[in-house]
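Here the structure comes first, spelled out in structure tokens, and everything after it is commentary.
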Amino acid sequence: MRLPILLLSLAAMSSPAALAQTPPAGERPIALVIHGGAGFVPRDSLSEADRKAAHADLNRALDAGYGVLKGGGSALDAVSAVVVVLEDSPIFNAGKGAVFNARGGHELDASIMEGHTRRAGAVAGVTTIKNPIKLARAVMEHSPHVMLAGAGAEAFADTRPEIERVPNTYFDTPKRRQQLEKAQREEAAKGKREANATVDPGKYFGTVGAVALDRQGHIAAATSTGGMTNKRYGRVGDSPVIGAGTWADERCGVSGTGWGEYYIRYNAAHDICARVAYRGDSLQAAADEVINKIIPAAGGDGGAIALDREGHIAMPFNSGSMFRGWVKPDGSRGTAIHEEE
């Protein structure tokens, strides 16, 4: 009796209904969602020129990533392309626009993850890497490790001729210098001991990231940041921590942006995808629960972008604003900064 059962099973697998569940790669949906950081950015604090520049750079990043996907490229290549554009923009807190640390320099973090293989790479505290996301990917693809930090990460970069090095001053921008000076004036007014004991949440915001779904049904996620204004002691946030600021698996991908200490403690990015995988939550419900309930209840805030294998997109945030952009499976796209956009 086993042979007829086997034949029936094979017939069922090749039936039109079964094939409809797994369409050919060329017919599978592609989608992309990106962010340029969450935070409190009042509308009146952005000039019209600043607003146009932000939307323009978000659209350039969407063009870079979606062009990869539309051409049949991988989700991994798409998120890499997006984050490079955002790192090269002085508008966002990553790469060229990275914030200053307490010593007046820059320490950058990044991570990348491929969902269907669970390969991942990350770097933390690098100071001379023009595009930290490229080095994170090199760690994933050309080393046996997941995360390299500081001088070790820079030494590994020396072995990779494709990684461009720059002086630390390359990352300087006048806006970030003003933010550092303001933070240090406020710190001096409070007194160093009190400043070390308390945190202005606004200092934590500003990160870039992307999540993509390709024609093969594969998902990848990437995140990059300059960290926290006036940070000291080699502080590292959630962005390079796999599961906290970045996660991708077969069903779901997430890039976070917010108060990193809380995203680390609550494993925020992975928690969203775990709710999709283990409880069967919708992507939106899972993202809303983690970002808008669990993190705030613990004392943190921020946002995230998320994408599932059907192309559903979620972009929850509770910080007043989140620079973001998207291209849905039907090809519709947009960019936004504030809640009602």
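The values are calculated or read from the model by the stated rules, or taken from the named source; none is laboratory data. Remember, predicted model here, so these are calculated numbers, not experimental data. A quick note on method: Cβ atoms are made from the backbone with ideal geometry, for glycine too, and the neighbour counts reach across all protein chains shown. For accessibility, only protein heavy atoms count, side chains too; no ligands or nucleic acids. Shrake-Rupley method; radii C 1.70, N 1.55, O 1.52, S 1.80 Å.
Sort Lys328, Lys70, Lys130 from largest to smallest accessible area, using a 1.4 Å probe on the heavy atoms of the protein chains.
Lys70, Lys328, Lys130
Counting only protein chains, not ligands or nucleic acids, how are Arg103, Arg279 ordered by accessible area (probe 1.4 Å), most first?
Putting Arg103, Arg279 in descending order of accessible area: Arg103, Arg279.
Along the principal axes of its C-alpha atoms, what lengths does the chain span, in descending order and rounded to whole Å?
Reported extents, whole Å, longest axis first: 83, 46, 36.
For segment 249-332, I need the span (max minus min coordinate) of the C-alpha atoms along each principal axis, in Å, sorted largest to smallest.
Here the spans come out as 37, 30, 16 Å, largest first.
Can you show me the helix-derived [θ] at 222 nm for the chain, built from DSSP H runs with n ≥ 4 at -39,500 (n - 2.57) apiece and divided by the number of residues, rounded to the nearest 500.
Taken over the chain, the calculation gives -10500 deg cm²/dmol.
Taking the Cα centre of the chain as origin and charging only Cβ (+1 Lys, Arg; -1 Asp, Glu), how large is the dipole, in debye to the nearest 20?
440 debye
Determine how many Å³ per residue the convex hull of the Cα atoms of segment 75-182 encloses.
Spread over its residues, the Cα hull of segment 75-182 gives 93 Å³ apiece.
Tell me the chymotrypsin sites (Phe, Trp or Tyr not before Pro) within segment 25-103 that lie in a loop according to DSSP and have at most 13 other beta-carbon atoms within 10 Å.
Within segment 25-103, the qualifying chymotrypsin sites (Phe, Trp or Tyr not before Pro) (loop, at most 13 other Cβ atoms within 10 Å) are Phe40.
Lys and Arg at +1, Asp and Glu at -1: add these up for the other residues within a Cβ distance under 13 Å of Gly243 and post the number.
Spelling it out: positives minus negatives among the neighbours equals -1.
Excluding Pro316 itself, calculate the net charge of residues whose Cβ lies under 12 Å from the Cβ of Pro316, where each Lys or Arg counts +1 and each Asp or Glu counts -1.
-2
Rounded to the nearest 10 degrees, what's the angle between the helix 174-190 long axis and the longest principal axis of the chain, both from Cα atoms, 0 to 90?
The answer is roughly 60 degrees.
List the relative contact order of the chain as a percent without decimals, with contacts defined as Cα pairs under 8 Å and 6+ residues apart.
Relative contact order, the chain: 23 percent.
Name the residue from Met113, Gly73, Val83 whose Cα lies farthest towards the positive end of the charge dipole of segment 56-178, charges +1 on Cβ of Lys and Arg and -1 on Cβ of Asp and Glu.
Value: Val83.
Output the relative contact order of segment 119-268, whole-number percent, from Cα pairs under 8 angstrom with separation of 6+ residues.
Averaging sequence separation for qualifying contacts and normalising by length gives 19 percent for segment 119-268.
Which of the pairs Lys134/Lys190; Lys182/Lys293; Lys70/Lys130; Lys175/Lys293 have their Cα atoms more than 29 Å apart in this structure?
In this structure, Lys134/Lys190; Lys182/Lys293; Lys175/Lys293 exceed 29 Å between Cα atoms.
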